[in-house]
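These notes concern the structure reproduced below.
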Amino acid sequence: MAKNFLVLEDGTVLEGESFGYEGDSFGEVVFTTGMGGYQEGLTDPSFRGQILIFTYPLIGNYGVRDDFQQSNGVHVNGVVVREYCKQPSMMYGGAPLDKYLIEHKIPAISGIDTRELVVKIRQQGSFMGAIVNNEDQVSEAIKKIKTMPHPFEQNLVADVSVKKITDYDFKKDITIGMIDCGTKKAIIESLGKRFNVKLFPYDTPAQAIIDSGVKGVMISNGPGDPAHPEIVNTVVKAIKDLASQKPMMGICYGSQLIALGLGGKTYKMKFGHRGENQPVKFEGRVFITSQNHGFAVDEKSLEGTGLVVNQVNVNDGTVEGVMHKDLPIFTSQYHPEACPGPMDTTFLFDRFKKMIEEARM
């Protein structure tokens, strides 16, 4: 089997085996701790521009299937694993992971000591990196990594948002709007159990959303820096204009955007939260949640915004949700729809529905 090399911006070079597409890739190197759900991770638009390390030691054992997809394609730039399963279990009827990555032109490397690599990232923070399939390319790759722009300097949301308004008629009594910053299919499905959904491109003006007649607005998950100038001038502006007009809920990236829209600030985390087992304290209980984010809301910046923190991460105390003191607005930094992960917090969608029904706006 052909060799591959994982190269980090600090000069670290790890040799492994190629099992995906034979090509080079560059991106921010991050890790996720889930024991399953690898296909959902690969197809989550929030991973746009990143090389993804799976910490679970065996990946691909149940294959890949269409019904696990969370979007129309694979959004990671590369994949790093300890070991991948060449022959997935026949029980689920899934196709082999290596063929799937080749089909989507995603380079991947196996045989890496992912534990050691993740310890390094936790201690030093996430790195820019590359996967290359020729040892002669290593030094050139290091030079490129050190000079290339970070993925978050781009407007990644523009790559993953819908290009036109899209309607999902689930035969419900209430229609809500979703500003699509890179939503997962599971969020639309969770909303579809309660509402009809009208999906708006990320740069849709607030007035167009109001004129559509939707009864509430969801701000979706998505990739990149929530404070990117193009996002501030579009989504964040729309949120500011909608805040007193429509009930609103934000998930993950959407939570950060709502905080920005009402006057708060965000910051980049050292290595983020990505996995299916993050504990969140909420209303006197601890819920186990699915998460995928590299930015967080700055709690101190919320003073005077009307937003208060009502959920925190048990591990590091970061903000996991906010609510407005007077307006029908709340958020979750984690993914209540899960997919993958625990379904502990799906009740938040019911709360959103109740908030809309009780709103006088």
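The values are calculated or read from the model by the stated rules, or taken from the named source; none is laboratory data. Just so it is clear, the structure is predicted and the values come from calculations on it, not from any experiment. As a convention, Cβ positions derive from the backbone with ideal geometry for all residues, glycine included, and neighbour counts pool all protein chains shown.
Observations on the structure shown:
- When segment 50-71 is filtered for residues that are touching a Ser or Thr at 6+ places or on another chain (Cβ under 9 Å), closer than 23 Å to residue 115 by Cβ and either part of a loop (DSSP other than H, G, I, E, B) or not polar (S, T, N, Q) (or both), the ones remaining, listed by number, are 51, 52, 53, 54, 55, 56, 57, 59, 61, 62.
- Enumeration of residues in segment 192-236 that are buried (at least 19 other Cβ atoms within 10 Å of the Cβ), in contact with a Pro (Cβ under 9 Å, 6 or more places away or on another chain), without any contact (Cβ under 8 Å) to a residue 60 or more places away in the chain and part of a helix (DSSP H, G or I): 234, 236
- Flag if residue 280 is part of a helix (DSSP H, G or I) and either at pLDDT 95 or above or not aliphatic (A, V, I, L, M) (or both): no
- Residue 126 satisfies every condition listed in (1) touching a strand residue (DSSP E or B) at 6+ places or on another chain (Cβ under 9 Å); (2) assigned by TED's automatic domain parsing to the domain that holds residue 60; (3) in contact (Cβ under 8 Å) with a residue 60 or more places away in the chain; (4) surrounded by fewer than 18 Cβ atoms within 10 Å (Cβ to Cβ) except (4).
- Filtering segment 291-323 to residues that are buried (at least 18 other Cβ atoms within 10 Å of the Cβ) and of a type outside the set (A, V, I, L, M) leaves 291, 292, 293, 294, 295, 299, 305, 311, 313, 318, 320, 321.
- Single residue of segment 237-277 satisfying the filter (basic (Lys, Arg) and outside any helix (DSSP H, G or I)) that is surrounded by the fewest Cβ atoms within 10 Å (Cβ to Cβ): 270
- Complete set of residues in segment 159-184 that are touching a residue at least 40 places away in the same chain (Cβ under 8 Å) and of a type in the set (Ser, Thr, Tyr): 161, 175, 183
- A single member of 340, 336 is of a type outside the set (Ser, Thr, Tyr), surrounded by 22 or more Cβ atoms within 10 Å (Cβ to Cβ) and assigned by TED's automatic domain parsing to the domain that holds residue 190, and it is 336.
- One residue alone among 74, 119 is without any contact (Cβ under 8 Å) to a residue 40 or more places away in the chain, among the β-branched types (Val, Ile, Thr) and part of a loop (DSSP other than H, G, I, E, B), and that residue is 74.
- Number of residues in segment 12-23 that are part of a loop (DSSP other than H, G, I, E, B) and surrounded by 20 or more Cβ atoms within 10 Å (Cβ to Cβ): the value is 3.
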